[in-house]
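This report refers to the structure that appears directly beneath it.
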Amino acid sequence: MTGLTRSAAYRIAFAYSAAFAAAMALLGLVLFFAMHIAFSRQLDALMIDETSELQAEFRTEGPGELAEEIRQREAFHDHDRLFYAVFDPRGRHILGALQAERPRPGFQALTFHDPLIGTVAGRALVTDIGGGVRLVVATDGARVKAIDRTIISAFLVAIGAVIAIGIAGAFMLGGYLRRRLGQISGAAGAIVAGDLRSRVPVSARGDEFDRVALSLNAMLDRIDGLIGNLRQVSSDVAHDLRTPLARLRNQLESGLDSLGDADAAREVIETSIQRVDEVLELFASILRIAEVETGRIRDSFTAVDLSAMASELAESYAPAARDAGRTLDWSIAPDLHVRGDRGLLAQAIVNLLDNALTHTPEGAKIGLTLARAGDSVRLAVTDNGPGVPEADRDRITQRFIRLEHSRTTPGHGLGLNLVAAVARLHQARLSFGDNDPGLVVTLDFPGTMS
Amino acid sequence: MQILVAEDDADTSAFIAKGLSELGHLVLCVARGDDALHIATTEHCDVIVLDRMLPAMDGLTVLRRLRAAKIDTPVLLLTALGQIQDRVEGLEAGADDYLVKPFAFSELAARIAALGRRLPLSDVATEIEFGPLRMDLLKREVRRAGTLIALQPREFRLLEVLMRGGDRVVTRTMLLEQVWGFHFDPRTNIVETHMSRLRAKLNEGDAEDLIETLRRVGYRMRGI
């Protein structure tokens with residue numbers, strides 16, 4: 001039972017049932033008083049009717065007829081009967097079975113004696129009906145009490161039922177809440193224990209718990225992805241840095257031998273600086289991607305005129321492409337805007353153009369297009385080079401992935417990884433397709449403004 | 001020029017001071033933020049090289065206080081490797097230029113020279129002259145010894161940045177930033193491509209080359 005007091009689920013369920021039972025009790029109390037008052041008024045009305053009837057009898061027919069009427073009524077009524085008494089002007093009891101001292105006129109509580117049922121605590125209406133004659137019509141208080149008792153016992157039964165149902169419901173509801181929450185904490189516990197693939201079970205109902213479970217699972221997937229990424233990066237960094245650092249070391253070592261020759265030494269130092277710059281560039285790219293992936297930059301997003309940016313980049317790149325023996329053609333629809341970071345969007349497009357220039361043979365045709373495609377804005381970079389085999393297309397956005405045939409081309413294998421990170425940051429879809437021949441890379445930006 | 005270098009790493013500080021002294025500058029080195037603020041407010045400096053991370057008072061705070069005190073000495077902010085947001089913060093705090101560590105000394109020297117020479121007048125000038133070149137910024141026209149040279153907008157901007165630099169070196173990264181707005185280095189050599197086109201147009205008819213290339217450093221206008 002200690003589990004029950006410490007369980008929020010049970011506490012909430014019990015509190016709810018208790019509140020419901022309390023509301024029922026309050027309702028019962030209100031009904032009880034309402035019925036008690038209504039019944040009392042009804043009895044008062046009965047006594048008023050009886051009094052005025054007997055008074056009329058007395059005035060029209062005289063005392064004899066009154067006595068006759070009272071006798072008849074006393075003989076006729078049984079359990080819900082009224083009690084009568086008539087006193088003469090001198091205060092003597094002259095008629096009726098009700099035995100008591102002469103009371104003062106008006107409604108009042110009256111204890112009297114009845115030959116059939118003994119002492120009765122009741123309520124009486126006392127009226128002077130003329131000529132100093134005083135009529136007493138009374139009811140037995142037990143009648144009201146009996147009604148009260150009936151109402152109270154009915155309510156006690158009802159509240160008992162409510163409490164019983166409430167407790168049962170609280171146990172069921174509490175148990176249900178505990179079970180659903182237990183599944184979530186179970187999954188969390190499994191993850192803490194080391195099973196990173198553990199997930200919260202999701203039922204088909206799609207209720208609040210399922211929605212929580214779905215968002216928790218999405219969060220876990222994201223964390224899992226980030227951890228995987230981190231692991232990948234640390235091992236890749238270790239691997240990718242080893243090569244240039246080893247080369248640097250060899251170079252410096254051979255530099256020691258050529259200390260006598262100033263020109264040779266100078267060359268060694270210059271290439272060493274170049275190697276160090278490569279390592280630094282690699283670091284800069286890794287940090288930049290890491291920063292993009294935190295999503296913090298989203299706070300400083302502005303409207304970016306993608307059309308103007310793409311045109312400027314195309315104009316800057318066309319001569320460079322020509323110098324490199326390739327051609328760059330572009331077709332850019334005007335006035336297409338997206339929300340984003342200007343610098344990162346430019347770098348993503350530049351990386352795609354750089355890739356197209358590096359991974360195609362001389363004479364290749366490269367295209368840059370920007371157009372509205374349905375609800376989205378589509379930017380595409382195409383080439384007619386060797387393309388990327390379909391099996392490799394999922395891999396090429398990963399960090400440091402360099403396909404076999406591109407091992408000899410310059411680059412550190414982070415270009416597309418940054419494009420993918422920038423796409424994710426802008427909620428854009430990055431996809432790779434076949435240009436027959438060649439590669440087409442598309443970036444679809446959603447929900448844009450024109 | 002008198003240059004204040006606020007940098008807490010003794011090696012970096014010595015490296016910068018040595019290089020700048022060799023170029024003929026007078027260098028004051030401090031290692032703490034509060035010292036930097038004190039010297040910057042009490043002594044005349046032409047340029048301040050300010051590290052972002054300094055003991056006692058960080059570089060951005062020093063910069064904000066300087067600007068709040070209406071001291072508008074040009075400030076070159078130094079920062080550790082690559083945070084995009086950092087650059088924005090630095091410029092918003094009032095930095096005139098921004099350089100990421102580690103850097104080539106030639107890059108730092110070129111940027112300090114550019115900052116030291118920055119005159120308010122040159123920003124509103126409508127004409128720039130260098131040797132036989134006249135650039136009309138309103139008409140977007142360039143003439144060499146009176147002959148009109150037709151330039152693409154990008155080439156015009158490239159020449160404008162070079163001419164504003166006068167006979168000082170403008171580095172490749174400075175050109176990428178000021179002409180293309182890139183704060184990264186694209187793999188494709190767009191600077192070289194556009195520079196060779198600009199050069200070919202300027203030097204048409206075997207005229208003497210007005211742009212000098214400094215290997216691994218940058219470019220500068222050559223006085224004839």
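Applying a DSSP loop filter and a limit of 10 other Cβ atoms within 10 Å to the GluC sites (Glu not before Pro) in the range A:313-401 leaves A:Glu362.
The angle between the Cα long axis of helix A:415-425 and the main principal axis of chain A comes to about 20°, on a 0 to 90 degree scale.
Adding -39500 (n - 2.57) for every DSSP H run of four residues or longer, then dividing by how many residues chain B holds, sets the calculated 222 nm ellipticity at -11500 deg cm²/dmol. To the nearest ten degrees, helix A:306-323 and the longest principal axis of the Cα atoms of chain A are 20 degrees apart.
Taking trypsin sites (Lys or Arg not before Pro) across the range B:30-109, the ones in a DSSP loop with at most 14 further Cβ atoms lying within 10 angstrom of their Cβ are B:Lys70.
Please work out whether the range B:42-92 counts as rounded, prolate or oblate from its C-alpha gyration tensor, where a ≥ b ≥ c are the square roots of the eigenvalues and a/c under 1.5 means rounded, while otherwise a/b larger than b/c means prolate and anything else oblate? In terms of gyration-tensor shape, prolate.
What is the distance in Å between the Cα centroid of the range A:360-390 and that of the range A:266-286? Cα centres, the range A:360-390 to the range A:266-286: 32 Å.
Spin-label model, B:Val88 to B:Lys201: label points 7 Å out along the Cα-to-beta-carbon direction sit 3.4 nm apart. Look at the dipole of the protein assembly as shown built from charges on Cβ: of B:Ala31, A:Phe87, A:Gly295, the Cα furthest out on the positive end belongs to A:Phe87. Given +1 at the Cβ of Lys and Arg, -1 at the Cβ of Asp and Glu and no other charges, the dipole of the protein assembly as shown around its Cα centre is 980 debye to the nearest 20. Remark: relative contact order (chain A) = 10 percent; criterion is Cα-Cα distance under 8 angstrom and separation of 6 or more residues. For the pair B:Asp58 and B:Thr41 in one chain, pulling the backbone fully straight at 0.36 nm per residue adds 4.5 nm over the alpha carbon distance. Relative contact order for chain B: 13 percent, from Cα pairs under 8 Å spaced at least 6 residues apart, divided by residue count. With helices as the sole contributors, chain A gives -20000 deg cm²/dmol at 222 nm; each DSSP H run of n ≥ 4 counts as -39500 (n - 2.57), and the sum is divided by every residue. Amide H contacts of A:Leu110: A:Gly122, A:Arg123, A:Ala124, each under 5 Å away and 5 or more positions distant or on a separate chain (H built 1.01 Å from N in the peptide plane; Pro and chain starts excluded). Between A:Glu390 and A:Phe32, the simple label model (points 7 Å from Cα in the Cβ direction) yields a spacing of 8.1 nm. Answer rounded, prolate or oblate for chain A, using the Cα gyration tensor with square roots of eigenvalues a ≥ b ≥ c: rounded when a/c is under 1.5, else prolate when a/b is larger than b/c, else oblate. Prolate, because a/c is 1.5 or more and a/b exceeds b/c.
Considering only A:Arg288, A:Arg199, A:Arg102, the mean-square fluctuation computed in a Gaussian network model of chain A, springs between alpha carbons under 10 angstrom, is largest for A:Arg102.
For the segment B:99-109, counting C-beta atoms of other chains within 10 Å of every residue's C-beta and taking the mean gives 1. Would the range A:46-128 count as rounded, prolate or oblate if I go by the C-alpha gyration tensor, calling it rounded below 1.5 in a/c and otherwise prolate when a/b exceeds b/c, oblate otherwise? Rounded, since a/c falls under 1.5. Among A:Thr111, A:Thr60, B:Thr171, sorting on how many other beta-carbon atoms sit within 10 Å of each Cβ, with the fewest leading, yields A:Thr60, A:Thr111, B:Thr171. The angle separating the long axis of helix A:342-358 from the principal Cα axis of greatest extent in chain A is about 40 degrees.
This ranking places B:Val62, A:Val377, B:Val169 by how few other beta-carbon atoms lie within 10 Å of each, fewest first, which gives B:Val169, A:Val377, B:Val62.
Just checking the listed ones, A:Leu46, A:Leu313, A:Leu344: in the Gaussian network model of chain A with Cα springs under 10 Å, the one fluctuating most is A:Leu46. At what distance in angstrom do the alpha carbon centres of the range A:115-159 and the range A:17-83 lie from each other? Here the answer is 7 Å between Cα centres. Translational diffusion of chain B was estimated from the Stokes-Einstein equation, with Rh taken as the Kirkwood radius over Cα pairs; at 10 °C and 1.306 mPa s the coefficient is 85 µm²/s.
Counting only residues at least eight positions apart within a chain, or on another chain, the aspartates and glutamates with an alpha carbon under 19 Å from that of A:Lys145 are A:Asp44, A:Asp78, A:Asp80, A:Asp114. Look at the dipole of the protein assembly as shown built from charges on Cβ: of A:Leu125, A:Gly206, A:Leu220, the Cα furthest out on the positive end belongs to A:Leu125. A dipole drawn for the protein assembly as shown from +1 and -1 charges on Cβ atoms has a positive end, and of A:Ala9, B:Gln152, B:Leu176 the residue lying farthest that way is A:Ala9.
Bear in mind that the values in this text are calculations on the coordinates, not laboratory data. Keep in mind the model is a prediction, meaning the values are calculated, not measured. With ideal geometry, Cβ positions are generated from the backbone for all residues, glycine too; neighbour counts draw on all protein chains shown.
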